[in-house]
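The values are calculated or read from the model by the stated rules, or taken from the named source; none is laboratory data. Just so you know, these numbers come straight off a predicted model, no measurement behind them. Methodologically, a virtual Cβ is constructed for each residue, glycine included, from the backbone with ideal geometry; neighbour enumeration extends over all protein chains shown. Ligands, DNA and RNA are excluded from the accessible area calculation, which covers all protein heavy atoms including side chains. Shrake-Rupley method; radii C 1.70, N 1.55, O 1.52, S 1.80 Å.
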Amino acid sequence: MDSNIDQVKKIIEDSSNIVFFGGAGVSTASGVPDFRSATGLYNRNNNSKYSPEYMLSHEFFVNHPDKFMDYCKENLMISGIKPNKAHYALTKLEEKGKLKGIITQNIDGLHQLSGSKNVIELHGNLRDYYCVDCNQKYDLEYVKKFEHEARCQRCGGIVRPDIVLYGEALDYSNIENAVSLIQRADVLIVGGTSLVVYPAAGLIDYYRGNKLVVINKDPTPKDRRADYLIKGDIAKIMEELVRDV
């Protein structure tokens, strides 16, 4: 067991102002693929002449809405996924009044499914959809009715997921809220993220405390800054960290 585990347990026990910042690794135990690992989406053969990064860009969506939605349905809209031990550990911390918020780069909605309330989805989600022409709102069930791209029943425009694509800006209010949480945090736990995607990765630079916990299987550019560095499976580690809370 990592020697930092016991120290972080004590920190969690003593704090009532914890913020969690997470990425794709938080959901891999639920069967959701990450992006940059050896088995991640970006290293898979997608039977296309386009790279996965480009297929998840605003430019590709505009030029090929049918292929964009096909890729999303095949790779992002995973049916039957459920929260894992990491999600439930964070929900437990929130219910105990210790966790003030979750800032996630994920779009799978698993934090909410596990019962977490204060979740900032930096990159949007796959629950909500809207027409690019008239902004009519739709849900996933509506989109699934279409073989390729969904069309608006009001104006016939293309319906897209409410996610942030490459080439699009993050929602400013989400950034403001995330920065506020991090600046005021006593403890910042960063988990399951490579910390290479900006501007999201830059958010942890707003943390001014001395209890920065980084949990990840692989090294990150922020490891040197961490006060407590724990390597391994975040689902197992988070379960252990909150076991006695």
> In nm, to one decimal, how far is the ASN17 label point from the LEU76 one, both placed 7 Å along Cα→Cβ?
Replying inline: 3.6
> Considering only protein heavy atoms, what is the solvent-accessible area of ARG225 at a probe of 1.4 Å, reported in Å² to the nearest 10?
Replying inline: 90
> Considering only protein heavy atoms and a 1.4 Å probe, what is the carbon-and-sulfur percentage of the accessible area of the chain?
Replying inline: 46
> How much mean residue ellipticity at 222 nm does the chain get from its helices, if each DSSP H run of length 4 or more adds -39500 (n - 2.57) and you divide by all residues, to the nearest 500 deg cm²/dmol?
Replying inline: -8000 deg cm²/dmol
> How much length, in nm to one decimal, is gained on full extension between LYS217 and LEU113, taken as 0.36 nm per residue of separation minus their Cα-Cα distance?
Replying inline: 35.0 nm
>> Students often check this: by mean Cβ neighbours within 10 Å, which of 114-124, 49-59, 24-34, 167-177 ranks highest, and how do the rest follow?
In response: 24-34, 114-124, 49-59, 167-177
>> Output wanted: per-residue J couplings in Hz (rounded whole) for the range 205-222, from phi through Karplus 6.51 cos²θ - 1.76 cosθ + 1.60, θ = phi - 60°, x for Gly and Pro.
In response: 5, 7, 6, 10, x, 10, 10, 8, 10, 10, 10, 6, 6, 10, x, 10, x, 9
> What ratio of Cα Rg to 2.2 N^0.38 Å holds for the range 104-245?
Replying inline: 1.25
>> I need the calculated FRET efficiency for the pair PHE146 and TYR42, taking r as the beta carbon distance and R₀ as 25 Å, to the nearest 0.05.
In response: 0.45
> Which whole-number value in Å² is the accessible area per residue of the range 97-200, probe 1.4 Å?
Replying inline: 46
> Full extension from ASP244 to SER3: what is 0.36 nm times the residue separation minus their Cα-Cα distance, to one decimal in nm?
Replying inline: 85.1 nm
>> How far apart, in nanometres, would the label points at VAL179 and ASP133 be if each is projected 7 angstrom from Cα along the Cα-to-Cβ direction?
In response: 3.7
